[in-house]
Amino acid sequence: MIATLGIMSGITIVSSLPLISHTFSNIPHIEFLSKLMLTIPSIVIALFSPFAGHIIDKRGRLKPLYIGIFLFILGGSSGFYLHNFYIILVGRAILGLGVSLIMTSSTALIGDYFTEETRHKFMSKQGMVVALGGIVFITSGGLLAQVNWSYPFAIYLIPIIFLPFLWKSLYEPKKHIHTQALEVETKLLPVYFTAFFVMVLFYMLPTQFPYLIVNTLGGKPQTIGFVIATAMTFNALTSMQYAKIKTRFSYMQIYSATFALFALGLCIISQASSISELFFATAPIGMGFGLLLVNTNAWFLSRVPAHKRGKASGILTSSFFLGQFASPILFQPIVWAYGIQRLFLMVSCLAVLISIILFLTYYRTD
């Protein structure tokens, strides 16, 4: 349940973005500013998560988790009952504070609760549930956006239902030796960079896809939800197989395969001339990201010492969401210069190159 909140934080309102642009069309550069609805939480999470990790190591896992859920509900649902664009952006920033506490706490708890072998099995199930949650949230958001652009924001009230289950099931793990420094472990730098880069690529879909579907291919807001939900279905099916896949392949081998799948999906999107053709891209993209996110978290937890899980998890969360924030900023100049589909083609070529480099360099590396 907790893991679904991470994907709910952004993907829920993706179908509303074109409608928000239309509703607030009097605001200059609103098409770009509307994307900040997704990315403002990301930069807040990126900035605050290292400190959230420090707090979690010092104060325990559960209290920050519950505070984070409260902020998540408060800030996330603000767009449902507030109709000032800039005030809603403030609400999105509050949402970001909540997510930083939630994701950092939950990652540390996974490390605390499970050994490495059982962790892979748990994360396979977690990846599947996250993907299924994404299907529910993106589809619901698309349908609600058809009624009114603000209705998808009501989905952020759902975690209220989660609280009784969390209170009953979760427990505070034994405390580890606390270290005061906020240093970044050198051996974790490759993990943090990978998390950043994976999210830069992943967030192409919620930030660029709606405009491709609505403005270029003439689709409707619910179409955005159905296409992304189809990809998330393949994401779920692949994520649940992660534990079996990990017994046969190293982390780097899995990365190589997933970047190749991702490249194939982006190439199909870049050549699509109708909505129906986009569905052919959903399988490779969904399968790729079904493994990318789970593999990154598993790789991270295999390398971080127990007494530094909180702070290290905070930096990992920061890396993920800094990638989310950076994605539209890095790609928007390419969109302005060449168009969205040419952007997808360029990134597809980059993903192929990365896949080949990983295959040749790390094929025998565990």
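For region 136-152, a residue qualifies if it is among the hydrophobic types (A, V, I, L, M, F, W, C), closer than 10 Å to ALA229 by Cβ and crowded, with 20+ Cβ neighbours inside 10 Å, and the qualifying residues are PHE137, ILE138. The condition of being assigned to a helix (DSSP H, G or I), touching a Leu at 6+ places or on another chain (Cβ under 7 Å) and within 24 Å of SER9 (Cβ to Cβ) holds for only one of ALA326, ALA312, ALA298, that being ALA312. Quick one: would you say TYR255 is modelled with pLDDT of 90 or more and more than 25 Å from GLY127 (Cβ to Cβ)? When the stated conditions are applied, TYR255 does not pass them. All conditions but one from (1) closer than 20 Å to SER318 by Cα; (2) surrounded by 22 or more Cβ atoms within 10 Å (Cβ to Cβ); (3) of a type in the set (A, V, I, L, M); (4) modelled with pLDDT under 90 apply to LEU188; the one that does not is (2).
Within region 56-68, being surrounded by fewer than 21 Cβ atoms within 10 Å (Cβ to Cβ) and part of a helix (DSSP H, G or I) holds for LYS58, ARG59, LEU62, LYS63, TYR66, ILE67. If you filter region 82-125 down to residues that are touching a residue at least 40 places away in the same chain (Cβ under 8 Å) and among the acidic types (Asp, Glu), you find that the one that is nearest to HIS54 (Cα to Cα) is ASP112. Scanning region 24-45 for residues that are more than 18 Å from ALA326 (Cβ to Cβ) and either in contact with a strand residue (DSSP E or B) (Cβ under 8 Å, 6 or more places away or on another chain) or part of a loop (DSSP other than H, G, I, E, B) (or both) yields a count of 6. A count restricted to region 19-46 and to residues that are farther than 13 Å from PRO152 by Cα, at pLDDT 80 or above and of a type outside the set (Gly, Ala, Ser) stands at 14. Among the numbered conditions (1) out of contact with any helix residue (DSSP H, G or I) (no Cβ under 9 Å at 6 or more places or on another chain); (2) crowded, with 24+ Cβ neighbours inside 10 Å, the only one that THR104 does not meet is (1). Which residue is nearest to the chain's Cα centre (by Cα), if the candidates are limited to region 129-160 and must be within 19 Å of TYR81 (Cβ to Cβ), assigned to a helix (DSSP H, G or I) and among the β-branched types (Val, Ile, Thr)? Within region 129-160, the match that is nearest to the chain's Cα centre (by Cα) is ILE155. Whenever a residue of region 264-280 is assigned to a helix (DSSP H, G or I), its partners that are of a type in the set (Asp, Glu), lying with C-beta atoms within less than 8 angstrom and at least six residues away or across chains, give the pairs ILE268/GLU277; GLN271/GLU277.
Would you check if LEU205 is at pLDDT 85 or above and either of a type in the set (D, E, K, R) or part of a helix (DSSP H, G or I) (or both)? So LEU205 fails the test.
Per-residue answers, yes or no, for (1) of a type in the set (Gly, Ala, Ser); (2) modelled with pLDDT under 90:
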site: PRO221; (1), (2): no, yes
site: GLY225; (1), (2): yes, yes
site: ALA229; (1), (2): yes, yes
site: ALA263; (1), (2): yes, no
site: THR282; (1), (2): no, yes
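For PRO173, the conditions (1) in contact with a helix residue (DSSP H, G or I) (Cβ under 6 Å, 6 or more places away or on another chain); (2) modelled with pLDDT under 80; (3) part of a loop (DSSP other than H, G, I, E, B) are fulfilled apart from (2).
Within region 353-362, the presence of at least one residue that is in contact with a helix residue (DSSP H, G or I) (Cβ under 7 Å, 6 or more places away or on another chain), assigned to a helix (DSSP H, G or I) and modelled with pLDDT of 90 or more is confirmed.
The values are calculated or read from the model by the stated rules, or taken from the named source; none is laboratory data. Quantities reported herein were computed from a predicted structural model and do not represent experimental measurements. Counting neighbours? That spans all protein chains shown, and the Cβs are built from the backbone with ideal geometry, glycine included.
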